[in-house]
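For reference, the structure is listed below as structure tokens.
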Amino acid sequence: MNRVQPPPYDDAAAFAGLSNNARVGSHPHLQPLVGTVQASYAQYVAVNGAPTLVQNPAISDALATFLKGHYADPPADLAHITKMRESSKHLVCPMCGSMHSGTLDHYLPKNGYPIFSVFSKNLIPACNCNSRRGEILFGPNPGERVLHPYFDNCLGERLVSAHFEDLGAVPKVSLVLLVSNAHANYPAIKFHVDSIVKRSAVVGYVRDRWSKLIRRPSLIVRAFAKNIATEAEVQAILAGERDCLDDLHGGKNNWDSIFLSGLLDPPVTAWIAGRFAVPGRVADSALA
């Protein structure tokens, strides 16, 4: 989960160029659609991609097929789609917070909203949470929807944390929200976490990081190569590490930060400090 900048491409000009490209199979069928598409793109941005407000003009099945085909195999006029796919492979997934992307997710699903099939502001870099999400967009209750990484500013806040219970070599691991139900976007945040983040591999990732921390603490936090004297020092080291990872990954809800937020839960920090303080403990040895 991450708030990211919308792509800078001129989609209106790109679609106009596509409609006039005699070398593609959709020519000249897209030409009557140019005005409608350009107006729809502008309206989408004007309402910040809010799915309850975006207007969705109906188009024929044939035109929808053309557009979805151009998304799958972009012609030269839509070369930016290929560039978006390639340039995001090494980046944190804005949808679930995993440590890679590599695909594009249609925020408004292309089957239900085909007019936005090749619209860059509707294409979100994502990992395989894309396929796990499917075409989920809304929940059954008011305000429940998937968050939009280009427009929902709340994605820049710290929203979710790992939660550890039964501390030891193999604790229970879950995710918890860090915002209260008084938050203006709480229904959307909770729905997004439940529908996308929790369906990802984040809990497995957190379990693996915990296992490495327990086996050799410096694998997770280099400062943990030595025995830390106090709980306050453990907390300060973890907070500093999390701040660095937030900066490195450009957001507060990447999987590494979610893991460290869980370690900063006071009972967990106290447990780690207690393990460092075991008499005779060898530096950087197993914590449990």
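Here, each number is a calculation from the coordinates, and none is a lab measurement. Quick caveat: nothing in here was measured; it's all calculated off a predicted structure. Note: ideal-geometry Cβ built from the backbone for every residue, glycine included; neighbour counts use all protein chains shown.
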Diffusion constant of the chain at 37 °C, which comes from Stokes-Einstein with the Kirkwood Cα-pair radius and 0.692 mPa s, µm²/s:
157 µm²/s
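Only Lys, Arg, Asp and Glu count, each charged at its Cβ (+1, +1, -1, -1), so figure out the dipole size of the chain about its Cα centre, rounded to 20 debye.
On the way: 27 positive and 24 negative charges, 126 e Å.
Charge dipole, the chain, about its Cα centre: 600 debye, nearest 20.
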For region 135-234, what Kirkwood radius comes out of the mean inverse Cα-Cα distance, in Å?
15.8 Å
Once the Cα atoms of helix 231-249 and of the chain are each reduced to a long axis, what angle between those two axes, in degrees from 0 to 90 to the nearest 10, is obtained?
20 degrees
Calculated from backbone phi, Karplus (6.51, -1.76, 1.60) coupling profile of region 186-193 in Hz, x at Gly/Pro
4, x, 5, 4, 4, 5, 4, 5
Output needed: Cys residues of the chain lacking any neighbouring Cys C-beta below 4.7 Å, sorted by number.
CYS154, CYS244
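Please list the equivalent ellipsoid semi-axes of region 19-123, computed as the square roots of five times the alpha-carbon gyration tensor eigenvalues, in descending order and whole angstrom. Provide the component values of the computation, followed by the final result.
Numbers: eigenvalues 114, 66, 23 Å².
Ellipsoid half-lengths, sorted descending, are 24, 18, 11 Å.
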Using alpha-carbon coordinates, inclination of helix 266-276 to the longest axis of the chain, degrees:
50 degrees
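Add +1 for every Lys or Arg and -1 for every Asp or Glu among the other residues with Cβ under 15 Å from the Cβ of PRO171, and state the total.
Values: positive: LYS172, ARG207, ARG209, LYS212, ARG215, ARG275; negative: GLU165, ASP166, ASP208, ASP265.
Local charge sum for PRO171: +2.
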Span per principal axis, largest first, for the Cα atoms of region 203-288 (Å):
40, 25, 21
Count of lysine pairs in region 29-175 with Cα atoms under 29 Å apart, counting only pairs 8 or more residues apart in sequence or on different chains?
9
Amide H neighbours of ASP152 under 5 Å, at least 5 residues apart or on other chains, H built in the peptide plane: list them.
none
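Show me the ranking of peptides 215-228, 54-67 by mean Cβ neighbours inside 10 Å, starting with the highest. Working shown, then result.
Values: 215-228: 16.6, 54-67: 15.1.
Ranking, from highest mean packing down: 215-228, 54-67.
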